[in-house]
1. Does segment 191-205 contain any residue that is crowded, with 16+ Cβ neighbours inside 10 Å, without any contact (Cβ under 8 Å) to a residue 24 or more places away in the chain and either within 16 Å of the ligand (Cβ to nearest atom) or over 30 Å from Thr425 (Cα atoms) (or both)?
2. Exactly one condition in (1) small (Gly, Ala, Ser); (2) under 15 Å from Gln415 (Cα atoms); (3) surrounded by fewer than 22 Cβ atoms within 10 Å (Cβ to Cβ) is false for Ala49; which is it?
3. Quick check: anything in segment 411-432 of a type in the set (A, V, I, L, M, F, W, C) and more than 16 Å from the ligand (Cβ to nearest atom)?
4. Given the residues Ser171, Ser180, which is the only one that is farther than 22 Å from Pro118 by Cα and either at pLDDT 95 or above or in contact with a Lys or Arg (Cβ under 6 Å, 6 or more places away or on another chain) (or both)?
5. Filter segment 120-158 for residues that are acidic (Asp, Glu) and more than 22 Å from Gly82 (Cβ to Cβ); which is surrounded by the most Cβ atoms within 10 Å (Cβ to Cβ)?
6. Please list, ordered by first then second residue, the pairs with beta carbon atoms under 6 Å, 6 or more apart or interchain, first in segment 86-102 and closer than 16 Å to Thr142 by Cβ, second away from the ligand (no atom under 16 Å from the Cβ).
7. Conditions: (1) more than 10 Å from the ligand (Cβ to nearest atom); (2) more than 22 Å from the chain's Cα centre (by Cα); (3) in a loop (DSSP other than H, G, I, E, B). Pro118 meets all but one. Number of the miss?
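The values are calculated or read from the model by the stated rules, or taken from the named source; none is laboratory data. Only a predicted model underlies this, so the values are computations on that prediction, with no experimental measurement involved. Cβ sites come from the backbone with ideal geometry, for glycine too, and all protein chains shown count toward neighbours.
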Amino acid sequence: MSDRRLFLVGLAGIIGLLLAGCSTAPAQPTTDDLAPAPALQPTPTLLPAPQATVTTGTGGLPWWNDRIFYEVFVRSFSDSDGDGIGDLQGLIDKLDYLNDGDPATGDDLGVTGIWLMPVAQSPSYHGYDVIDYRQIEADYGTNEDFKRLVEEAHRRGIAVIVDLVLNHTSSEHPWFLEASEAGSERENWYIWAGEPPFVNGPWGAPAWHKDGDRYYYGLFWEGMPDLNYRHGAVTEEMYDVAEFWLDEMGVDGFRLDAIQHLVEEGEVQANTPSTRAWLEGFYRLAHSTASDALLLGEVWTETGEVVKYIGDKVDVAFEFDLAGAILESVWRENRAAVQAAQQQVLDAYPQGQYAAFLTNHDQDRVMNQLRDDLEGARAAATLLLTNPGVPFVYYGEEVGMRGAKPDPRIRTPMQWDGSETAGFTAGTPWEKLDPSYETRNVAAQQGDPGSLLSHYRQLIRLRQEQPALRAGDMVLVDSDAQPVYAFLRFTGDEALLVVVNLSSEPVEEYALALGQGPLTSAVSAALLLGQGEVSAPTVNAQGGFEGYRPLPVLPPRSSTIVRLAP
Ligand code: CA
């Protein structure tokens, strides 16, 4: 980033905070009323925009664009001590499955980053309601275990990011217990009202909850009271928490939970200017503490709103629209949804600065959304792992685990083998296994080159080997057959054509066209993924092609990757 850009970013942030501070409303909500959009207190350590720039990788993109991430729910991944609950030692024991650190071996998955769902102390099974931000959940191990995990992961070339739950704490957090005493020093750490303002949450459930003779605001649930980021001491505390994880625990960044809801303005509960202003302060703090820290936002809304966060509030954020469109296109056997969403994403974001995924811990699993269509799951995996966004794989998707809501059922124990407890624990699993474990497991698919697991491995390896897949530009290719979705990923000297036949029938009648493209006059074609006799296109004067059929027949639900090289 140039100095001028840094200056402009800094200026924008300061103006944002000044604007947010222009209100004449009281600086803090009173206990009698929800003050209309009270001023955001200046953050206690509003830093200049970070001067150190992030380490770059292939194509000059940030380091995270060279990574493939895997989302781990520690409670469900692997249990080392037989209590039926997954733990950090269990995860350490399974790191070689994710990536053994040796590029010469081919039997590991090959991912280069993990995102851990919350690992701080929490009374719930999922951990999104924290009671101690600086202590590892006792079920999972100790702070020392966590540091050992980071060390072991780094040794294998795996980056580690953790969930940071900023929006709310547990109602059992000592801060909240103290705050619920009217007049206590911590009172303003949370949001109180004498009468409930009758504002429901975005999902229709009450957002205000009775506590004695008053109400507190908790957007998600009464057990999760929202922190009050209009109060400077809260900001200061959470800055300190972030520094603790970056400095003491050695993480490479955060997945920032539910951040569109950080600061409400009156009845507006999402994506307020105050929320964005607060995040600019947090972004500067995190990047001045660790210039390479990855800040990954969960902003669960449409692309046009998500993109407003990118670059000075978070580094990247999950692309929910694209995820939905990929699964819709696979389900409908029609490229329309993914093509439209992908083009919108390409137009909206700085190159590659979003996180691509299929599902996460809040959504029904791929196999359920695709009604158990394994071939469809393969096509979806191709679309994920050839995408310009930083890819995130939810644990177990690589073996086709099943799971549909309620939430604990989409977070069931990892399926390692076909034994009674699926190789997850020597005891009784904390949550009942999904019945799919008998066939959908790592051991059953490990040595089968035709398995879904092998398909994931192959694609991950291909992404690691091919700079164009990690950092190349993307241009969508026209196809005259609705189920055939095709695009080019290219760098200066390499172009890869990806063709996915979304149909469950073979497609013979199809032709690909690219009016204008990056190809040099004559190219040869080599098949990197797929089967058949591949042919090269005739390149037109504009570097594109027309009437191109790389394979005479595209098999049902097939993925084809062709290298087009001079
Ligand atoms: Ca355990």
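1. Yes: one or more hits.
2. (2)
3. Going residue by residue through segment 411-432, those that are of a type in the set (A, V, I, L, M, F, W, C) are 414, 416, 422, 424, 426, 430.
If we keep only those that are more than 16 Å from the ligand (Cβ to nearest atom) too, we end up with none.
Within segment 411-432, not a single residue is of a type in the set (A, V, I, L, M, F, W, C) and more than 16 Å from the ligand (Cβ to nearest atom).
4. Testing whether each residue is farther than 22 Å from Pro118 by Cα and either at pLDDT 95 or above or in contact with a Lys or Arg (Cβ under 6 Å, 6 or more places away or on another chain) (or both) leaves just Ser180.
5. Applying the first criterion (acidic (Asp, Glu)) to segment 120-158 yields 129, 132, 137, 139, 144-145, 151-152.
Then keep just the ones that are more than 22 Å from Gly82 (Cβ to Cβ); that gives 129, 132, 151.
Details: Asp129: 23, Asp132: 15, Glu151: 12.
The qualifying residue surrounded by the most Cβ atoms within 10 Å (Cβ to Cβ) is Asp129.
6. Ile92/Glu152
7. (2)
Conditions (1) assigned to a loop (DSSP other than H, G, I, E, B); (2) of a type in the set (S, T, N, Q); (3) in contact with an Asp or Glu (Cβ under 6 Å, 6 or more places away or on another chain); (4) modelled with pLDDT of 95 or more, marked per residue:
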site	(1), (2), (3), (4)
Gly223	yes, no, yes, yes
Val234	no, no, no, yes
Val263	yes, no, no, yes
Thr275	no, yes, no, yes
